[in-house]
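A.B. asks: This is the structure I want to talk about, given as structure tokens.
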Amino acid sequence: MTNILPLVLGFCIAFLAVILPGLINMTAAKISLQEGKNEAVSFAAGAAVVVFIQTFIAVLFARFISQHKEIVATLQEIGIFIFTGLSVYFFWIAKKPKKIKTEAKIKGKKNRFFFGMLLSMLNLLPIPFYVFASMGLSAAGYFSFDKIPVATFVTGVVLGSFSVFYLYIVAFKKIEKKTEFLMRNINIVIGSVTTFMAIVTLLKLLYD
């Protein structure tokens with residue numbers, strides 16, 4: 001159970017973080033519509049490979065930070081502000097959902113696996129996000145930086161991300177019709193998660 005929990009947490013965090021309509025999701029959906037499901041899955045697989053690398057780097061960096069107690073407190077303080085800022089942001093846009101553009105320009109039919117990798121590499125936000133997420137989970141006692149928990153957490157993140165990509169590939173039309181509903185409700189969930197992370201990090205900082 002101890003080793004399964006990081007897998008479940010990684011999956012859930014990634015699923016919630018990626019579920020909102022974004023460049024990779026919408027591109028995967030458009031490739032599916034224009035070129036077929038196989039090409040879209042290849043694209044999603046390429047994006048997932050980069051997610052794996054980024055998450056692994058993030059967790060390793062978080063482990064390095066956790067081993068240097070002199071900077072942990074400072075980063076925890078930074079994490080509180082980041083999670084609080086994210087909470088305010090998500091709750092704000094949850095009240096004022098914006099219309100999402102569903103058009104993704106796809107030039108030429110090339111190797112979609114490498115195109116997915118390239119597009120995913122342009123997004124560097126997962127690295128700091130999973131640094132603070134893994135540190136927050138560690139502070140709460142739900143995660144440790146041992147080899148097996150790290151491996152299962154990273155695996156969970158990859159599976160969660162790929163599941164969302166696949167969901168957009170196979171159910172884009174249904175998702176497209178419910179984008180506003182999705183934005184309004186999912187942002188509330190994400191805002192609640194980041195608020196929880198901020199509170200846990202604050203409590204950990206106060207009682208250490």
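The values are calculated or read from the model by the stated rules, or taken from the named source; none is laboratory data. The structure presented is a predicted model; accordingly, all values stated were derived computationally and were not measured. In this analysis, Cβ positions are derived from the backbone assuming ideal geometry, glycine residues included, and neighbour counts consider all displayed protein chains. These accessible areas exclude ligands, DNA and RNA; they are computed on the full protein's heavy atoms, side chains included. Shrake-Rupley method; radii C 1.70, N 1.55, O 1.52, S 1.80 Å.
A.B. asks: Go through the stretch 126-131 residue by residue and turn each phi into a ³J(HN,Hα) via Karplus (6.51, -1.76, 1.60, θ = phi - 60°); whole Hz please, and just put x for glycine and proline.
C.D. replies: Taking θ as phi minus 60°, the curve returns x, 5, x, 4, 7, 4 Hz for the stretch 126-131.
A.B. asks: Related question: Using the Karplus curve 6.51 cos²θ - 1.76 cosθ + 1.60 with θ = phi - 60°, what ³J(HN,Hα) values do you get for each residue of the stretch 37-44, in whole Hz, with x for Gly and Pro?
C.D. replies: 5, 4, 5, 5, 5, 4, 4, 5
A.B. asks: Also, quick follow-up: To the nearest 0.05, how large is the calculated FRET efficiency for Asp146 and Leu118 if R₀ is 45 Å and r is the Cβ-Cβ distance?
C.D. replies: Details: r = 33 Å, r/R0 = 0.73.
Given R0 = 45 Å and the Cβ-Cβ separation, E is 0.85.
A.B. asks: Now for a different question. Suppose the chain between Ile4 and Ile127 were pulled fully straight at 0.36 nm per residue; how much longer would it get relative to their current alpha carbon spacing?
C.D. replies: Details: separation 123, 0.36 × 123 = 44.28 nm, distance 2.24 nm.
Full extension from Ile4 to Ile127 adds 42.0 nm.
A.B. asks: For the residue pair Val170 and Phe64, what label-to-label distance in nm results when each label sits 7 Å from Cα along the Cα-to-beta-carbon direction?
C.D. replies: My value for the distance between the label points is 3.9 nm.
A.B. asks: So for Thr152, Thr74, what's the accessible-area order with a 1.4 Å probe, most first?
C.D. replies: Values: Thr152 30, Thr74 75 Å².
The most accessible residue leads, giving Thr74, Thr152.
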